[in-house]
Amino acid sequence: MSAARPFFGGNWKMHKGPDEARAFLHAFAERHPPREDRTVVLFPPAIALPALVGAAADRPDVEVGVQDVHQEREGAHTGAISASMAAEAGARWGLAGHSERRREFGDDDERVARKVDRLLEAGVAPVLCVGETLEQRDAGRLQEVLHRQVSAVVERLSDRDRRELVIAYEPVWAIGTGRTASPEDAAAAHELVRKDLAAWIGDAAEAVPIIYGGSVKPANAGELLTMPGVDGALVGGASLDPEAFASICAVVTA
Ligand code: 13P
């Protein structure tokens, strides 16, 4: 840990429509009492976002985010949603640059940077996702890839906006594979990201939450979150189960 409050994100990806989202919230809320010492954000599919926001109305400690937005403000982009629409529907947070978007939908660094711009403009706090493939890691390119992905976004921002970022380090080879980065590997990558940030904002980089994603489960969350510089988790599969996600959100952090 280094940032003030640990951040626990649940990225549902393409799971759960409005009814399931409501049912999840009720089950999760029973298992997770409100706590002021951590941030908890659920990222449902956009179509379930308003239902989840409604279900969480009496739990302001459980926030809702959008998984992706278009890089344009509006226009003829069938099937897409804009950052301002997401904000209107109640999204307080927005993912940008998730590796599944980069791989399946061709989101490159430039597009990711524009999405972050749109989110900030709409008053939605961005969670920038970065991470290397196994091939890149094995080729010794970890630092270069992280530097490229972080810089592409950070160089366009004001210092104020740089301090607003949350960055999720999600090694591609650990996502949905059951293979987690070792706590030491995660901490080392977080340090690289923080050094890149410090080049722009100096000591303020210490307070930017850098969270880990990739096969986080109740069994490994505690160990990961006690590593220096690991400020939270972005959880995929295990966030679909209210009990598992509640248990991750309850871990003791350093
Ligand atoms: P898993 O936890 O299923 O590996 O997914 C991680 C992730 O991609 C979160 O954004």
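The values are calculated or read from the model by the stated rules, or taken from the named source; none is laboratory data. Worth saying up front: this structure is predicted, and the values here are computed from it rather than measured. Cβ: placed from backbone, ideal geometry, glycine included. Neighbour counts: every protein chain shown.
Are any residues in the stretch 156-189 within 26 Å of residue 104 (Cβ to Cβ), of a type outside the set (A, V, I, L, M) and in contact (Cβ under 8 Å) with a residue 40 or more places away in the chain, and if so, which ones?
Passing the criteria: 156, 169, 170, 171, 173, 176, 180.
Could you run through the stretch 46-70 and say how many residues are out of contact with any His (no Cβ under 9 Å at 6 or more places or on another chain), among the β-branched types (Val, Ile, Thr) and either surrounded by 21 or more Cβ atoms within 10 Å (Cβ to Cβ) or not in a helix (DSSP H, G or I) (or both)?
Looking only at that region, the number is 3.
Conditions first: (1) in contact (Cβ under 8 Å) with a residue 40 or more places away in the chain; (2) within 26 Å of residue 44 (Cβ to Cβ); (3) surrounded by fewer than 20 Cβ atoms within 10 Å (Cβ to Cβ). Residue 217 passes all but one, so which condition is the exception?
The single condition residue 217 does not satisfy is (1).
Take the residues in the stretch 71-88 that are crowded, with 17+ Cβ neighbours inside 10 Å and in a loop (DSSP other than H, G, I, E, B); name whichever of them is farthest from the ligand (Cβ to nearest atom).
Top of the filtered list is 82.
Tell me which residues, restricted to the stretch 155-184, are in a helix (DSSP H, G or I) and either more than 11 Å from the ligand (Cβ to nearest atom) or surrounded by fewer than 17 Cβ atoms within 10 Å (Cβ to Cβ) (or both).
159, 160, 161, 162, 163, 164, 183, 184
So which of 187, 152, 244 ends up being surrounded by fewer than 22 Cβ atoms within 10 Å (Cβ to Cβ), part of a helix (DSSP H, G or I) and within 16 Å of the ligand (Cβ to nearest atom)?
Matching residue, one of 187, 152, 244: 244.
Answer yes or no: is there a residue in the stretch 171-193 that is out of contact with any Phe, Trp or Tyr (no Cβ under 7 Å at 6 or more places or on another chain) and closer than 17 Å to residue 126 by Cβ.
Looking for residues that are out of contact with any Phe, Trp or Tyr (no Cβ under 7 Å at 6 or more places or on another chain) and closer than 17 Å to residue 126 by Cβ, one finds none in the stretch 171-193, hence no.
When you go through (1) touching a residue at least 40 places away in the same chain (Cβ under 8 Å); (2) over 16 Å from residue 9 (Cα atoms); (3) β-branched (Val, Ile, Thr); (4) in contact with a strand residue (DSSP E or B) (Cβ under 8 Å, 6 or more places away or on another chain) one by one for residue 130, which number turns out not to apply?
Among (1) touching a residue at least 40 places away in the same chain (Cβ under 8 Å); (2) over 16 Å from residue 9 (Cα atoms); (3) β-branched (Val, Ile, Thr); (4) in contact with a strand residue (DSSP E or B) (Cβ under 8 Å, 6 or more places away or on another chain), the lone unmet condition for residue 130 is (2).
Within the stretch 219-240, can one find any residue that is touching a His at 6+ places or on another chain (Cβ under 8 Å), in a helix (DSSP H, G or I) and within 15 Å of the ligand (Cβ to nearest atom)?
Scanning the stretch 219-240, I find at least one residue that is touching a His at 6+ places or on another chain (Cβ under 8 Å), in a helix (DSSP H, G or I) and within 15 Å of the ligand (Cβ to nearest atom), so the answer is yes.
Is it the case that the stretch 48-64 has a residue that's more than 29 Å from residue 20 (Cα to Cα) and at pLDDT 95 or above?
No.
Checking the condition assigned to a loop (DSSP other than H, G, I, E, B) and either in contact (Cβ under 8 Å) with a residue 40 or more places away in the chain or not β-branched (Val, Ile, Thr) (or both), which residue from 27, 4 passes?
On the way: 27 fails: assigned to a loop (DSSP other than H, G, I, E, B).
Step by step, each of 27, 4 is checked, and only 4 is assigned to a loop (DSSP other than H, G, I, E, B) and either in contact (Cβ under 8 Å) with a residue 40 or more places away in the chain or not β-branched (Val, Ile, Thr) (or both).
Pick from the stretch 206-218 the residues that are assigned to a loop (DSSP other than H, G, I, E, B) and within 14 Å of the chain's Cα centre (by Cα): which of them is nearest to residue 244 (Cα to Cα)?
Filtering the stretch 206-218 for residues assigned to a loop (DSSP other than H, G, I, E, B) gives 208-209, 214-217.
Filter once more, keeping what is within 14 Å of the chain's Cα centre (by Cα): 208-209, 214-216.
Working: 208: 26, 209: 22, 214: 15, 215: 12, 216: 10 Å.
By that ranking, first place goes to 216.
Note down all Cβ pairs under 7 Å where the first residue falls in the stretch 236-248 and is within 22 Å of residue 66 (Cβ to Cβ), the second is modelled with pLDDT under 95, and they're at least six residues apart or on different chains.
As it stands, the answer is 236/175; 236/176; 237/176, since those pairs meet every condition given.
Looking at 5, 73, which is the one that is in contact with a Ser or Thr (Cβ under 8 Å, 6 or more places away or on another chain) and modelled with pLDDT under 95?
One residue alone meets the criteria, 5.
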